[in-house]
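Just below is one structure, and these are the notes that go with it.
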Ligand code: 13P
Ligand code: SF4
C-alpha cells in the first residue's frame, strides 16, 4: 500500500529515490538506486529526474544539492545527521590552517557543505588514495576522519596532517572483538571499512568502501565473509549474494542516524516536497569545485 503511494507520487513528481548502503532494508528495497557515498554523488550528478529523494544523512543530501542546484533534493528526515560531519566547522578549519600554515585541504564527503567550500578537493572512502596522490603539493590536511587519513597515509609518500575527527560507530570497534569474530569463523574473508581504527584496519583481508565490499563479495570465490562496517550493508550483501554467508564482526556497529527514515517518511516528503536541503549560492560555488575535482577522478 505504502509502496503504491510512493510509486504514484514518484511518477507525479518525476522523482528518483537514492539510498545509502546503510539504510534500513525496507528503504534499500524501495530505492531506485543504492550505493556508497561516491556512487550516490555520481548518480545525483547524472540523473534527469526533477526531484531527488535522498535516503541517507544530511551531508549526502547537501552533496546532491551542490551538484544539482536546479533539482529539488529532499531528505525525508531533517534530523538525519552525521556525528563525524559535526566534528568540523569552517571556523575550526580556519584556525587549524592558521596553526599549520596554508596547504591543500582534502575533505572527506562526511563534512558540512561550508567546509567543502573551503577545500581543495573532496574524497570518499572509495577514492581517498587516488585523491591524495592527485594533489601536486607534498603536504596536505585530510579532514575530518583521522582514521581515513591514517589509511591514506599508508599509500602515499606525501605528508598528511590528520584532523581529530572520527565516526563513533567505526572508531568504537576494537582489535580484540575483531580477533574473536575471526577465531569463530577462521575461513571467512575479513572486509573492513577505512573509518575503523588503524590497528583494526591492519587485521583486514581487504579494506573497502561499502560498495567496494559488495563488488568484492560478488566476484570472490570465497563463500563466507566477516563484515566490519555499519551493519546496514549486510542486507545489501545478502541480497546481492544469496548463496554466500555474511556475519557482522560486532552487533553494535549501528548508526542511529542511518536508521530513522521509514517508507512513511519517503511518502510524506514526496507529498509535501519537504524537508528540502539546499545550500546557499556562495557556499555552493566553492563546494562544487571541490566535489567536481573529485568526480573528475572517478
Ligand atoms: P561509504 O559508503 O562511502 O563507504 O561511506 C561510509 C559512511 O560512513 C557514510 O556515512
Ligand atoms: Fe556518519 Fe558514522 Fe553514521 Fe557514517 S556511520 S553517517 S560516518 S556517524
Quiz item: Out of the residues in the range 11-30 that are outside any strand (DSSP E or B) and within 14 Å of ligand 1 (Cβ to nearest atom), which is surrounded by the fewest Cβ atoms within 10 Å (Cβ to Cβ)?
Solution: 28
Exercise. Considering every residue within the range 42-65, establish whether at least one is over 22 Å from the mean Cα position of the chain (by Cα), surrounded by fewer than 16 Cβ atoms within 10 Å (Cβ to Cβ) and in a helix (DSSP H, G or I).
Key: no
Self-check item: Breaking point among (1) touching a strand residue (DSSP E or B) at 6+ places or on another chain (Cβ under 9 Å); (2) modelled with pLDDT of 95 or more; (3) surrounded by fewer than 24 Cβ atoms within 10 Å (Cβ to Cβ), for residue 68
Solution: (2)
Quiz item: Consider residue 141 against the criteria (1) over 20 Å from the mean Cα position of the chain (by Cα); (2) in a strand (DSSP E or B): it satisfies all of them except one. Which criterion is unmet?
Solution: (1)
Quiz item: When you scan the range 258-267, how many residues do you find that are crowded, with 19+ Cβ neighbours inside 10 Å and either away from ligand 1 (no atom under 16 Å from the Cβ) or within 15 Å of the chain's Cα centre (by Cα) (or both)?
Solution: 5
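Hey, any hits in the range 75-97 for a residue that's on the phi > 0 side of the Ramachandran plot, more than 16 Å from the chain's Cα centre (by Cα) and surrounded by fewer than 24 Cβ atoms within 10 Å (Cβ to Cβ)?
no
The values are calculated or read from the model by the stated rules, or taken from the named source; none is laboratory data. Because the structure is a prediction, the values reported are computed rather than measured. Cβ atoms come from the backbone with ideal geometry, glycine included; neighbour counts cover every protein chain shown.
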